[in-house]
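Right, one structure below, let's go through it.
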């Protein structure tokens, strides 16, 4: 795949606050890329830099190999679906969608054809003459998408486009957006703070925090092999415990020594141990398990969320109910124990001891 | 580079608005009677201003009329707003359109029409007619300040008060009035400023014995040279500036407080 | 609250009927009538004769009935007479229109630029626009007299460069200037309040879809600020066209406007409330027409914009 957008060492400050700190990222053609992170992580700023609404303080932005730092938004072959849609309130559905074509003085016949194509694509045929102020959130969303796609951009930028919709509608729109992206065969860059959305839709997920990129990978990579405690905690629920790596494939935490599959740490190095709640098996307490008392049980539909109080507090997802007060044992298999470098951003009281690269877990 | 034209534009605009005022203020300290020759610094005009019996009595009239008119307008207007709020749609629309009438009406037409009324009813133009006119043009502003507050109010508040044992009157006093107090106060203050500032309507409805300050100012501008007027302008400018600054500082403080709470 | 509380609007309705509706009806009545005076035997009197009779009556220690009776007669004369002053009316409209247009061009960029500033800075800018508004307009107008005089500050300043002196006061230009100076804030404030409601993203969306600065202005910002333009125009034009003091102070006696004409009929030596009412009526109708026209300006396309 060709690189369509390259971000090279871009930094940005707002009012003395470092919003982006030297980030670099390649985005490939026809890819669905999601920038994921908590609010204030710099994901929207990254998007706005690509859109041309923010100029970076330093670093370069390339589009198809050409540097476009100083190109105004109206000269970029990139379009945006804005967070609250930013539809033109004085224009109806048809004119909103036709806006870009009218600017380029496209003949009326062609406008009509293209707009109708777009209306079909977003399933809004028959709404042409409606005022955009009287549409539902979902319909406004569709108009915004159609309006941004009509110029056939190479890249579509979407800034939390589903944030204002209710859950059911959001799920529908997720599949629909994915369909549109595959149909149009263009690159989507999608900003969200919703990890589930990111995992469902994306080819590539970029996890960001505090103006830096934490991890880039496929949804599976990100979920199964988070590179640090931040990513692990942000993507799904996790039990994160402090531990000590005795040697390759042997880690101590929660008062026990466990086998694991990770290696490459210094002997006796302090690490973060991440365990997904659904990977934990609750058994009868034995000498080999971490034993604790069930504190609460909440029915979540697909599973029960069980809080177990041992020397640490554990979240466990299980399909089998327990009673509060039960004594249980926590059993872990080596492949479910994920070992990570201590990240200063996340666990307090620890700091990065050496500058070696954050490793993936094999 | 993009900044320069806009800066020139700001300077031009604010210069246009403020240079005349600053010239007035500077002249108020000018010992010369002529407006155009500077002969030395003096506070004389301020002293003379405060010793001018006409101006002082006009000031007293203005304040008395403004206080009476605003108070009556606030009471009548608040009652009216509550009444209008509880009306059916058509009645409300008709009355609101009538309420806008004195606002869109050119002032001079309101002025002469009231003058006609008073002449027709054989009421001598004077203190009474001034107060009646001022109440009339203040009333719409009070209603327009109070009505939005009533609309913003959660109607369930009133019901909740009754649910908790208030009778209608208590519910009204304890719940509705506190909710619309800011609107009532704004309405009163607006009435006060409009009344103090009004010239056109007062001009047609005042008699020789009941001059207000703007009317006295008008007769002073008719005389070619009146340095006392400069002194008066300077004082009014300082008062207005102080009031606006206090209002702004309070607003900024209030918004900061809100932020902290969040 | 309940239906019964609607009666609390009653005193207000009564008040407004007496002090707004009745006076306007009086204007209407006076505009279409003329007063004819009779003595007690039914002979028609001229104004001079009537005054003589009253003087005699007062001299006689007010013996007997008041000697003059007045009757109103319906007539179109007053309205027709307004036509004699058409040059004054047209002049007023022209001067007020010029002032309104200049206010719009002067105020529009300012309102837009302020609406894009940080909120705290917006507040300060708007405060300094409002400040002169709070001073009595007579003082503001008086300030310009000082500047525009023959040996006023502006002429003295120009003298330094060897130009002038110019005749500035008592000209139509001075009247227009006075209107602009007095009413500019009334243009800026409604424009500003509409523009703050335009979302930054809406303007960005226009750029994003290929609009350059000019296109973004004409295709998005201008249409969205139409309601502000409409109310700004009304708020400047209405007081400008009906003013009578600005023309008196800055225009000298020679540049009469509608307002001066009306004032003359009610407080001047040519006391004639019938003609005065007729001119007022013409002014009122004209102003209402203008307002409904400017209201059309924005109701056209922005129907349904939630303001």
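Considering only residues in region B:211-243 that are buried (at least 21 other Cβ atoms within 10 Å of the Cβ) and assigned to a loop (DSSP other than H, G, I, E, B), the one that is nearest to the other protein chains (Cβ to nearest Cβ) turns out to be B:212.
Going by the structure shown, is residue B:49 in contact (Cβ under 8 Å) with a residue 12 or more places away in the chain, more than 11 Å from chain C (Cβ to nearest Cβ) and in contact with a helix residue (DSSP H, G or I) (Cβ under 6 Å, 6 or more places away or on another chain)?
On the way: in contact (Cβ under 8 Å) with a residue 12 or more places away in the chain: yes; more than 11 Å from chain C (Cβ to nearest Cβ): yes; in contact with a helix residue (DSSP H, G or I) (Cβ under 6 Å, 6 or more places away or on another chain): yes.
So residue B:49 passes the test.
In region C:44-58, is there at least one residue being more than 30 Å from residue B:110 (Cβ to Cβ) and in contact with a helix residue (DSSP H, G or I) (Cβ under 9 Å, 6 or more places away or on another chain)? Yes. Every listed requirement among (1) at the interface with another protein chain (Cβ under 7 Å from one of its Cβ atoms); (2) at pLDDT below 95 is met by residue B:132 save one, (2). Please verify whether region A:11-27 includes one or more residues that are surrounded by 18 or more Cβ atoms within 10 Å (Cβ to Cβ), touching a residue at least 12 places away in the same chain (Cβ under 8 Å), in a loop (DSSP other than H, G, I, E, B) and assigned by TED's automatic domain parsing to the domain that holds residue A:212. Checked region A:11-27: no residue is surrounded by 18 or more Cβ atoms within 10 Å (Cβ to Cβ), touching a residue at least 12 places away in the same chain (Cβ under 8 Å), in a loop (DSSP other than H, G, I, E, B) and assigned by TED's automatic domain parsing to the domain that holds residue A:212. For region C:120-135, the set of residues classified as within 7 Å of chain B (Cβ to nearest Cβ) and surrounded by 20 or more Cβ atoms within 10 Å (Cβ to Cβ) consists of C:132 only.
Would you confirm whether or not region C:213-226 contains a residue that is under 30 Å from residue C:23 (Cα atoms) and more than 17 Å from the chain's Cα centre (by Cα)? Scanning region C:213-226 turns up no residue that is under 30 Å from residue C:23 (Cα atoms) and more than 17 Å from the chain's Cα centre (by Cα).
Filtering C:110, C:72 for residues that are surrounded by fewer than 17 Cβ atoms within 10 Å (Cβ to Cβ), touching a helix residue (DSSP H, G or I) at 6+ places or on another chain (Cβ under 8 Å) and either at pLDDT below 90 or under 23 Å from residue C:240 (Cα atoms) (or both) leaves a single hit, C:72. Is it the case that some residue within region A:280-298 is in contact with a strand residue (DSSP E or B) (Cβ under 8 Å, 6 or more places away or on another chain), free of Cβ contacts under 8 Å to residues at least 24 places away in the same chain, in a strand (DSSP E or B) and more than 30 Å from residue A:204 (Cα to Cα)? Checked against the condition, which is being in contact with a strand residue (DSSP E or B) (Cβ under 8 Å, 6 or more places away or on another chain), free of Cβ contacts under 8 Å to residues at least 24 places away in the same chain, in a strand (DSSP E or B) and more than 30 Å from residue A:204 (Cα to Cα), region A:280-298 yields at least one hit. Taking the conditions exactly as written (touching a helix residue (DSSP H, G or I) at 6+ places or on another chain (Cβ under 6 Å), without any contact (Cβ under 8 Å) to a residue 12 or more places away in the chain and more than 9 Å from chain C (Cβ to nearest Cβ)), does residue B:190 satisfy them or not? No.
Being in a helix (DSSP H, G or I), free of Cβ contacts under 8 Å to residues at least 40 places away in the same chain and more than 16 Å from residue C:247 (Cα to Cα) is the filter here, so list the residues in region C:133-146 that pass it. Before the answer, list the steps.
Within region C:133-146, the subset in a helix (DSSP H, G or I) is C:133-134, C:137-146.
So of that shortlist, the ones also free of Cβ contacts under 8 Å to residues at least 40 places away in the same chain come out as C:134, C:139, C:143, C:146.
Scanning region C:133-146 gives a single hit, C:134.
Name the one entry in B:148, B:178, B:208 that is assigned by TED's automatic domain parsing to the domain that holds residue B:81, at pLDDT below 90 and in a helix (DSSP H, G or I). Just one listed residue meets the conditions, B:178. Pairs linking a residue in region C:1-21 that is closer than 17 Å to residue B:201 by Cβ and more than 7 Å from chain B (Cβ to nearest Cβ) to a residue that is surrounded by fewer than 19 Cβ atoms within 10 Å (Cβ to Cβ) and at pLDDT 85 or above, with Cβ atoms under 9 Å and 6 or more positions apart or on different chains, are C:21/B:98; C:21/B:101. Can you confirm whether residue C:81 is touching a residue at least 12 places away in the same chain (Cβ under 8 Å), part of a helix (DSSP H, G or I), more than 12 Å from chain B (Cβ to nearest Cβ) and at negative phi? Yes; evaluated as a whole, the condition is true for this residue. The single condition among (1) more than 13 Å from chain C (Cβ to nearest Cβ); (2) farther than 29 Å from residue A:132 by Cα; (3) surrounded by fewer than 23 Cβ atoms within 10 Å (Cβ to Cβ) that residue A:41 does not meet is (3).
All of (1) farther than 30 Å from residue A:135 by Cβ; (2) in contact with a strand residue (DSSP E or B) (Cβ under 6 Å, 6 or more places away or on another chain); (3) within 14 Å of another protein chain (Cβ to nearest Cβ) hold for residue A:9 with one exception: (3). Residue-level check: of (1) more than 18 Å from the chain's Cα centre (by Cα); (2) facing chain C (nearest Cβ under 10 Å); (3) buried (at least 16 other Cβ atoms within 10 Å of the Cβ), residue B:155 misses just (3). Of everything in region B:116-128 that is within 16 Å of residue B:211 (Cβ to Cβ) and either free of Cβ contacts under 8 Å to residues at least 12 places away in the same chain or crowded, with 16+ Cβ neighbours inside 10 Å (or both), the residue that is nearest to the other protein chains (Cβ to nearest Cβ) is B:125. Of the helices (runs of 4 or more DSSP H) lying entirely inside region C:194-254, those containing at least 3 residues that are away from chain B (no Cβ under 13 Å) span C:200-208, C:213-216, C:226-241.
Here residue C:180 meets the list (1) at pLDDT below 95; (2) within 11 Å of chain B (Cβ to nearest Cβ) almost entirely, failing just condition (1). Considering only residues in region B:10-36 that are at the interface with chain C (Cβ under 9 Å from one of its Cβ atoms) and more than 31 Å from the chain's Cα centre (by Cα), the one that is modelled with the lowest pLDDT turns out to be B:36. Can residue C:102 be described as farther than 30 Å from residue B:218 by Cα and within 14 Å of chain B (Cβ to nearest Cβ)? So residue C:102 does not fit the description; no. Filtering A:93, A:78 for residues that are within 10 Å of chain C (Cβ to nearest Cβ) and touching a helix residue (DSSP H, G or I) at 6+ places or on another chain (Cβ under 8 Å) leaves a single hit, A:78. So, residue C:58, is that one more than 10 Å from every other protein chain (Cβ to nearest Cβ), more than 30 Å from residue C:197 (Cα to Cα), touching a residue at least 12 places away in the same chain (Cβ under 8 Å) and surrounded by fewer than 19 Cβ atoms within 10 Å (Cβ to Cβ) or not? So residue C:58 does not fit the description; no. Taking (1) crowded, with 16+ Cβ neighbours inside 10 Å; (2) free of Cβ contacts under 8 Å to residues at least 60 places away in the same chain in turn, residue C:179 satisfies each apart from (2). Restricting region C:22-48 to residues that are in contact with a strand residue (DSSP E or B) (Cβ under 8 Å, 6 or more places away or on another chain) and part of a helix (DSSP H, G or I) leaves a set whose member that is nearest to the other protein chains (Cβ to nearest Cβ) is C:29.
The values are calculated or read from the model by the stated rules, or taken from the named source; none is laboratory data. These figures come from a predicted structure and were not determined experimentally. Glycine gets a Cβ as well: all are built from the backbone with ideal geometry, and neighbour counts include every protein chain shown.
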